[in-house]
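The values are calculated or read from the model by the stated rules, or taken from the named source; none is laboratory data. Keep in mind it's a predicted model, so treat the numbers as computed, not measured. Heads up, the Cβs are rebuilt from the backbone with ideal geometry, glycines too, and the neighbour counts pull from every protein chain shown.
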Amino acid sequence: MTGKLIYVDMDDVLCETAANLCRLAEREFGRHVEYEDVFAFDLQKVFALSDDEMRRFMIASHAPGALLTHPVTPGAPDALRALRDAGHSVDIVTGRPAYAHGDTERWLAAAGIGDFPVTYVDKYGRDKSYAHNEGDPPTVKLDELLARKFDVVIDDSPQILELLSGWKDTRILVFSRPWNASFALSANMTRVGGWRDILAALL
Ligand SMILES: [Mg+2]
């Protein structure tokens with residue numbers, strides 16, 4: 001397989017976001033949930049946060065410096081470079097708010113993968129509630145993303161996976177996480193346990 005366009009999600013694919021947010025929820029909101037028990041993608045449900053607490057949680061989790069503390073998912077940086085070396089194009093497609101681009105870029109640079117393109121997509125319809133600052137990169141609408149063509153998608157979000165289940169010509173690698181354990185894979189999907197599996201599937 002050569003020269004494929006590969007969409008790689010960021011949170012819980014390149015970095016260990018949920019595990020780190022469990023620590024934030026405990027520290028800031030007194031909610032103790034183990035990573036293995038993060039049963040849903042909706043963290044408001046997982047941490048039993050009120051609407052106001054959730055609003056504050058989203059702000060705290062994207063506050064300057066907070067994103068920099070997410071640990072690297074084992075093998076991710078080397079794997080991205082290996083995919084590129086094999087002739088593939090890798091596009092990091094994240095649902096993070098565009099205002100978080102500074103820390104996102106710093107994190108990627110620190111991980112040694114600051115030279116891959118990042119696309120900010122309003123994956124969850126939250127963009128209206130986000131701050132917008134001059135100089136932020138553009139936010140791509142979900143419809144616009146879905147009109148694009150990728151050969152391979154690597155994501156962990158059940159909501160996004162559901163939307164992609166009809167992409168018959170796209171190979172979807174479902175990054176296995178507790179919140180997608182019960183997600184029913186469609187014919188174009190394969191479950192992967194980590195970057196070793198991903199490279200085995202793609203190289
Ligand atoms: Mg993700």
**Report entry** Test result for residue 18, within 20 Å of residue 120 (Cα to Cα), within 14 Å of the ligand (Cβ to nearest atom) and not basic (Lys, Arg)
**Finding:** yes
Report summary line: Checking 97, 137 in turn, the sole residue that is away from the ligand (no atom under 16 Å from the Cβ) and closer than 20 Å to residue 17 by Cβ turns out to be 137
Report task. Report whether or not residue 172 is under 15 Å from the mean Cα position of the chain (by Cα), surrounded by 14 or more Cβ atoms within 10 Å (Cβ to Cβ), within 15 Å of the ligand (Cβ to nearest atom) and in a strand (DSSP E or B). Result -> yes
Query raised in the report: For the range 114-140, which residues satisfy the criterion of being hydrophobic (A, V, I, L, M, F, W, C) and farther than 20 Å from residue 63 by Cα?
Result: 116, 140
Query raised in the report: Hey, does the range 26-42 have a residue that's more than 16 Å from the ligand (Cβ to nearest atom), touching a His at 6+ places or on another chain (Cβ under 8 Å), of a type outside the set (Ser, Thr, Tyr) and part of a helix (DSSP H, G or I)?
Result: yes
Report summary line: Only one of (1) acidic (Asp, Glu); (2) over 18 Å from residue 41 (Cα atoms); (3) in contact with a strand residue (DSSP E or B) (Cβ under 6 Å, 6 or more places away or on another chain); (4) modelled with pLDDT under 95 does not apply to residue 134, and that is (3)
Requested in this report: Report the residue count in the range 50-69 for those that are closer than 22 Å to residue 160 by Cβ, touching a residue at least 24 places away in the same chain (Cβ under 8 Å) and more than 16 Å from the ligand (Cβ to nearest atom).
Outcome: 1
**Report entry** Every residue from the range 63-119 that is closer than 27 Å to residue 147 by Cα and aromatic (Phe, Trp, Tyr)
**Finding:** 99, 116
Report task. Can you work out which of the residues in the range 25-59 that are aliphatic (A, V, I, L, M) and within 18 Å of the chain's Cα centre (by Cα) is farthest from residue 158 (Cα to Cα)? Result -> 59
Requested in this report: Answer yes or no as to whether residue 184 is free of Cβ contacts under 8 Å to residues at least 12 places away in the same chain and assigned to a helix (DSSP H, G or I).
Outcome: no
Query raised in the report: Do the conditions hold for residue 49, that is, is it assigned to a helix (DSSP H, G or I) and of a type in the set (A, V, I, L, M, F, W, C)?
Result: no
Query raised in the report: Just for the range 149-168: of the residues that are exposed (fewer than 15 other Cβ atoms within 10 Å of the Cβ) and modelled with pLDDT under 95, which one is farthest from the ligand (Cβ to nearest atom)?
Result: 168
Query raised in the report: When you go through (1) buried (at least 17 other Cβ atoms within 10 Å of the Cβ); (2) touching a strand residue (DSSP E or B) at 6+ places or on another chain (Cβ under 8 Å); (3) among the aromatic types (Phe, Trp, Tyr) one by one for residue 179, which number turns out not to apply?
Result: (2)
